[in-house]
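This report concerns only the one structure given below.
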Amino acid sequence: MNYWLMKSEPSCYSIDDLKKDKKTHWDSIRNYQARNFMRDDMKVGDRVLFYHSNANPPHVAGFAKVASKPYPDPTQFDKKSEYFDPKSTTENPRWMLVDISYTKKCKEPLNLADIKINPKLSGMVVAQRGSRLSIQPVSQKHFEYVEKMCL
């Protein structure tokens with residue numbers, strides 16, 4: 001099993017939206033490293049920290065699970081979408097996505113500032129200077145510690 005942190009702006013899609021929907025596709029990722037994590041490394045059942053970026057303050061808001069194998073992101077083929085990619089074809093799609101399903105919401109969100117000062121969370125990618133990647137691997141040790149702090 002792998003562990004991940006997936007970022008979403010709460011004004012676009014929040015943990016409450018996922019709780020209501022129960023499951024969603026994680027589309028519109030246009031970073032090759034994040035795409036590669038979804039395409040090559042994510043497996044059904046992997047656990048996810050659902051992170052609210054561009055929030056005040058940014059924070060871990062809840063938990064989810066990877067709910068599907070990777071498949072082509074349909075927004076890459078939609079000429080009306082801001083995520084349309086003219087170089088992508090159905091025979092050779094460039095962009096992939098996975099579905100995630102809701103697990104639980106944090107009783108108390110874990111703020112980025114608290115992650116950064118906690119020595120037990122040292123090394124988390126999200127706490128590193130300049131870390132902007134929307135999908136990041138998380139160690140099992142860090143995931144479980146965050147889970148204990150949030151629940």
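The values are calculated or read from the model by the stated rules, or taken from the named source; none is laboratory data. This is a predicted model, so every value here is computed, not measured. Positions of Cβ are generated from backbone atoms using ideal geometry, with glycine treated the same way; all protein chains shown enter the neighbour counts.
Numerical summary
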quantity: Residue list for segment 91-133, filter: under 16 Å from residue 27 (Cα atoms) and at pLDDT below 95; calculated: 133
quantity: Residue ID - farthest from residue 126 (Cα to Cα), chosen from residues in segment 14-36 that are hydroxyl-bearing (Ser, Thr, Tyr) and touching a Phe, Trp or Tyr at 6+ places or on another chain (Cβ under 9 Å); calculated: 24
quantity: Every pair of residues 6+ apart whose Cβ atoms lie under 6 Å, when the first sits in segment 12-27 and is among the charged types (D, E, K, R) while the second is not in a loop (DSSP other than H, G, I, E, B); calculated: 19/102; 22/102; 23/99; 23/101; 27/75; 27/97
quantity: Meets criteria (free of Cβ contacts under 8 Å to residues at least 40 places away in the same chain, surrounded by 16 or more Cβ atoms within 10 Å (Cβ to Cβ) and not small (Gly, Ala, Ser)) for residue 102; calculated: no
quantity: Some residue of segment 37-46 being buried (at least 16 other Cβ atoms within 10 Å of the Cβ), of a type outside the set (Asp, Glu), in contact (Cβ under 8 Å) with a residue 60 or more places away in the chain and assigned to a helix (DSSP H, G or I); calculated: yes
quantity: Test set (1) farther than 17 Å from residue 16 by Cβ; (2) outside any loop (DSSP other than H, G, I, E, B) - residue 91 fails condition number; calculated: (2)
quantity: Residue among 51, 32 that is farther than 24 Å from residue 141 by Cβ and not polar (S, T, N, Q); calculated: 32
quantity: Residue within segment 58-68 that is of a type in the set (Val, Ile, Thr), touching a residue at least 12 places away in the same chain (Cβ under 8 Å) and part of a strand (DSSP E or B) present; calculated: yes
quantity: Number of positions in segment 105-150 that are assigned to a helix (DSSP H, G or I), surrounded by fewer than 18 Cβ atoms within 10 Å (Cβ to Cβ) and among the acidic types (Asp, Glu); calculated: 2
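Yes or no, residue by residue, for (1) farther than 26 Å from residue 148 by Cα; (2) of a type outside the set (Lys, Arg); (3) surrounded by fewer than 17 Cβ atoms within 10 Å (Cβ to Cβ):
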| residue | (1), (2), (3) |
| --- | --- |
| 22 | no, no, yes |
| 31 | yes, yes, yes |
| 59 | no, yes, no |
| 77 | yes, yes, no |
| 89 | yes, yes, yes |
| 97 | yes, yes, no |
